[in-house]
1. Pairing the Cα long axis of helix 69-79 with the longest principal axis of the chain, what angle in degrees results, from 0 to 90 and rounded to the nearest 10?
2. Please report the antiparallel percentage of the DSSP beta bridges confined to the chain, to the nearest 5.
3. Rounded to the nearest 0.05, what FRET efficiency do residue 146 and residue 249 have when you use their Cβ-Cβ distance and R0 = 45 Å?
4. Shape of the stretch 151-261 from its Cα gyration tensor (a ≥ b ≥ c, root eigenvalues): rounded if a/c is under 1.5, otherwise prolate when a/b > b/c, or oblate?
5. Hey, how many Å between the Cα centroid of the stretch 143-213 and the Cα centroid of the stretch 10-74?
6. Do you know the relative contact order of the stretch 2-92, to the nearest whole percent, from alpha carbon pairs under 8 angstrom that are 6+ apart?
7. Rounding to the nearest 10 and keeping the result within 0 to 90°, find how far the Cα-based axis of helix 250-266 lies from the longest principal axis of the chain.
8. Can you give the angle from 0 to 90° between the axis of helix 99-110 and the longest principal axis of the chain, with both taken from C-alpha atoms, to the nearest 10?
């Protein structure tokens, strides 16, 4: 709960544009405040008991801060709530990540097939925590460290898609330059290559590398994503088509499927792709 004697930040700021998130966190904050006042504890006294600063206690109770699970668990113990406060985590965890990330994770969590072509970076579902952190920290204008950590945790949470049973069929095509770029330094790069090998060996995953010396292909305009669902519907997005917006129209989806199929046909086969990544790892 603390590092070098200083309290660890118990959560993230609430996005004022996230109406559902604002409502949930405000409700939880009110419950915490009412319970604290009911037992006659001042905010400073309560903060000391749970191991956090008084100002952060006020922020959480005021619905301005998203509490972590350990904060709620500790508050439940200190206030003798009998599990009622700890149980609010079930609501909090649904809104702890940015709205856009939640929407994307929901789609990925429902899809039975996911196809991705990436030309600029390792796809989020394949990134290690340190690789993701290095990418977020390179942004300009820079994110606050608080925002960086929130986005890293949110990105890793999406990777639960690999643990679904039955698992969706997931296809990745990454440009060679993507896996050659040592984002975060040599050790972070090695860990990322190891992660690619680990994911690429899963039965539900197909990983392909597009060689830099390949001929022109339909992905040179940028990223392509295709998600298909159990009811036969699908959603797709491409940086180079339909103004980059998500599409569901069958005719437009067929265009993206044609482009993605052509990209997969031009990329290295899965076995050769894994061998390529292994070779890179051996060279680091």
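All of the numbers you see were taken from the coordinates with simple rules; none came from a lab. Just so it is clear, the model here is predicted, and its values are computed rather than measured. Ideal geometry is used to build each Cβ from the backbone, glycine not excepted, and the neighbour counts take in all protein chains shown.
1. For helix 69-79, the angle is close to 10 degrees.
2. 60
3. 0.70
4. The shape class here is oblate.
5. The stretch 143-213 and the stretch 10-74 have Cα centres spaced 34 Å from each other.
6. 34 percent.
7. That works out to roughly 70 degrees.
8. Approximately 60 degrees, to the nearest ten.
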